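Asks: Got a structure for you, written out below as structure tokens; questions coming shortly.
Quick note: the coordinates plus some simple rules give every number you see, no bench work behind them. Here the structure is a predicted model, which is why all the values come from computation and not from measurement. Quick reminder, even Gly has a Cβ in these numbers, built from the backbone with ideal geometry, and neighbours come from all protein chains shown.
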Amino acid sequence: MDFDQVLNHLRQLHEGHDDLRAFCAFPTDVVAQPVTARHMGARDHFDAETGLFGNEYASTKTLLKQMGPLAYWRDTYAGTNVSDRFMDEFGCFSLIGHNGFFKSDQMNAWMVYMPAGLYYPWHQHPAEEMYLCLAGEAVFKKDGAPDIQMGEGGVTLHASNQPHAMETLDHPVLCYVVWRNEFTTKPVLTYDDAT
Ligand SMILES: [Fe+2]
């Protein structure tokens, strides 16, 4: 894989969306770093996924599928009360940040994938966060705001420690997710019973 090309792709993706660019400038200190591939069940679901409709970000979807076998798939919620199905099917790997293909002190970025019919319980973290929906669709929930159903090109912003959750209904979803300001504290579930 040509990581210069990957980085250029991510920069164009990021800078091509007004809200993302306004939320956080694409970092100027990005360097590639080695990644030890780590398999999770979600990788297999993502490989086999055919329901991520939408054309605008088709090339990003293709690139993320190519990166899947090389990526460190994360188990952020291991040891919590999330369901076994969530542990098996919720997909996330870092693009920029810890265990990611690149590192930066200015911004972290991930891909997040959820198959159809999966619920991501309420959670929160000190970092401010923006989700860009690349393909498919999901219902995005955040404390103090109405639920929104978003498809390709949609964005939602989470303030520091603002609880948020996600649910896919009849379709899967693929997102590009960016953190700014506080990268060292992992997300925690808002409720002990993972609702
Ligand atoms: Fe989040």
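Asks: Which GluC sites (Glu not before Pro) in segment 88-195 sit in a loop by DSSP (not H, G, I, E or B) and have at most 15 other Cβ atoms within 10 Å of their own Cβ?
Replies: Here the sparse-neighbourhood loop sites are 182.
Asks: Show that you can apply the helix-only estimate: for the chain, add -39,500 (n - 2.57) for every DSSP H stretch of four or more residues, divide by all residues, and state [θ] at 222 nm to the nearest 500.
Replies: Roughly -6000 deg cm²/dmol at 222 nm, from the helical runs in the chain.
Asks: Would you please state the base-10 log of I(q)/I(0) at q = 0.12 1/Å for the chain, with intensities from the Debye formula using one equal scatterer on every alpha carbon?
Replies: Cα-only, vacuum Debye calculation for the chain: -0.53.
Asks: Suppose a student asked you for the relative contact order of segment 1-70, using Cα pairs under 8 Å spaced at least 6 residues apart; what percent would you report?
Replies: RCO, segment 1-70: 36 percent.
Asks: With unit charges on the beta carbon (Lys/Arg positive, Asp/Glu negative), name the residue among 9, 35, 55 whose Cα is farthest towards the positive pole of the charge dipole of segment 1-89.
Replies: Farthest towards the positive pole: 35.
Asks: Shifting gears a bit: Order of 96, 148 from fewest to most other C-beta atoms within 10 Å?
Replies: With the fewest neighbours first, 96, 148 line up as 148, 96.
Asks: Still on this structure: For the residues 150, 1, what sequence is obtained by ranking on other C-beta atoms within 10 Å, fewest first?
Replies: 1, 150
Asks: Related question: Build a GNM of the chain with springs between Cα atoms under 10 Å: which of 175, 133, 24 gets the top mean-square fluctuation?
Replies: It is 24.
Asks: Give me the extension gain from residue 19 to residue 2: residue separation times 0.36 nm, minus the current Cα-Cα distance, reported in nm with one decimal.
Replies: That pair, residue 19 and residue 2, stretches by 3.4 nm at full extension.
Asks: Separate question: Using a/c under 1.5 as the rounded threshold, could you call segment 43-140 rounded, prolate or oblate? The axes a ≥ b ≥ c are square roots of the C-alpha gyration tensor eigenvalues, and prolate needs a/b larger than b/c, oblate otherwise.
Replies: The shape class here is rounded.
Asks: Just to confirm a number: summing +1 for Lys and Arg and -1 for Asp and Glu over residues other than residue 54 whose beta-carbon lies under 12 angstrom from that of residue 54, what do you get?
Replies: -2
Asks: Taking other Cβ within 10 Å of each residue's Cβ, how do 18, 44 sort, fewest first?
Replies: 18, 44
Asks: Taking the Cα centre of segment 19-107 as origin and charging only Cβ (+1 Lys, Arg; -1 Asp, Glu), how large is the dipole, in debye to the nearest 20?
Replies: The dipole of segment 19-107 has a size of about 180 debye.
Asks: In whole angstrom, note down how far apart the Cα centers of segment 1-57 and segment 101-162 are.
Replies: So the two Cα centres are separated by 14 Å.
Asks: Continuing with the same structure: Taking the Cα centre of segment 5-156 as origin and charging only Cβ (+1 Lys, Arg; -1 Asp, Glu), how large is the dipole, in debye to the nearest 20?
Replies: Dipole magnitude for segment 5-156 comes out near 340 debye.
Asks: Same structure, new question: For the chain, give me the percentage of DSSP beta bridges that are antiparallel, rounded to the nearest 5 percent.
Replies: Of the beta bridges lying entirely in the chain, close to 95 percent run antiparallel.
Asks: Further question: Rounded, prolate or oblate: which fits segment 21-65 when a ≥ b ≥ c are the square roots of the eigenvalues of the alpha-carbon gyration tensor, with rounded for a/c under 1.5 and prolate only if a/b beats b/c?
Replies: It is oblate, given that a/c is not under 1.5 and a/b is not larger than b/c.
Asks: Net charge near residue 22: determine it from the other residues with C-beta under 13 Å of the C-beta of residue 22, scoring Lys and Arg +1 and Asp and Glu -1.
Replies: Around residue 22, the surrounding residues sum to -2.
Asks: Determine the alpha carbon to alpha carbon distance for each of 61/141; 65/142; 103/186; 141/186 and list only those over 22 Å.
Replies: The pairs that break the limit, which is 22 Å between Cα atoms, are 61/141; 65/142.
Asks: Can you give me the P(r) profile for segment 103-156? Cα pairs, bins 5 angstrom wide beginning at 0, each as a whole percent.
Replies: Answer for segment 103-156: a P(r) of 4, 14, 25, 29, 17, 8, 3, 0 percent.
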